[in-house]
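Okay, structure first, notes after.
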Amino acid sequence: MSTAPQSDNAKKPESKAKTAAKANAAADKAAAEAKAAKAAKPVAEKAAAPRVKRPKVAKPAPRPAHSQSRLTQVLIAPIVSEKATMAAEKHNQVLFKVMRDATKPEIKAAVELMFKVTVDSVQTVQHKGKVKRFGKSTGRRDHVKKAYVCLAAGQELNFSGESA
């Protein structure tokens, strides 16, 4: 074996940790440059592209005020049951069967128009019809929308037909 000194051109072997650190640093630098180039590119494209105007969409026409003929059809029938009586006594509420497409403001306006009372609030319930059998065939009861109408304090409706 010769013990000759190594020349300057010959490289010393580096440790694996140093090699990995250099590779990671180079990869991080390249990723940062690519990110910067990518971020700068869309800004230039946006500035160069002409602005496209979107066509204006017409707003739907405002709903007309509740017509009197519609309001007379909204309420179908009062609901007189044990539960309705309890609601009337406890919360000063009256139950009505109403059209399925009736809205709360329509129900309120209809009750105020027909009974000359002041309505505080309206809650509605969608009741789905049960599936029943009629002999061999099956059928379904109609869907029903109910309205719980809360009357102002001191006001009441009388469905018995007797005047006070």
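Descriptive notes on the structure:
- Compactness ratio for region 68-151: Cα radius of gyration over 2.2 N^0.38 Å (N = residue count) comes to 1.23.
- For region 68-151: relative contact order, % (alpha-carbon pairs under 8 angstrom, 6 or more apart): 33 percent
- Gyration tensor verdict on region 103-164 (Cα atoms; rounded if a/c is under 1.5, prolate if a/b is larger than b/c, oblate otherwise): prolate
- Among 78-89, 106-117, the order from most to least packed when residues are scored by Cβ within 10 Å on average: 106-117, 78-89
- Pairs exceeding a 31 Å alpha-carbon distance, out of K59/K108; K108/K136; K83/K136; K83/K108: K108/K136; K83/K136.
- Amide H contacts under 5 Å for T124, placed H, 5+ residues apart: Y148
- Efficiency of FRET from Cβ geometry, K53 and M99, R₀ 41 Å, rounded to 0.05: 0.40
Just so you know, all these numbers are worked out from the coordinates, no wet-lab data involved. Nothing here was measured: the structure is a model prediction, and the numbers come from that model. Methodologically, a virtual Cβ is constructed for each residue, glycine included, from the backbone with ideal geometry; neighbour enumeration extends over all protein chains shown.
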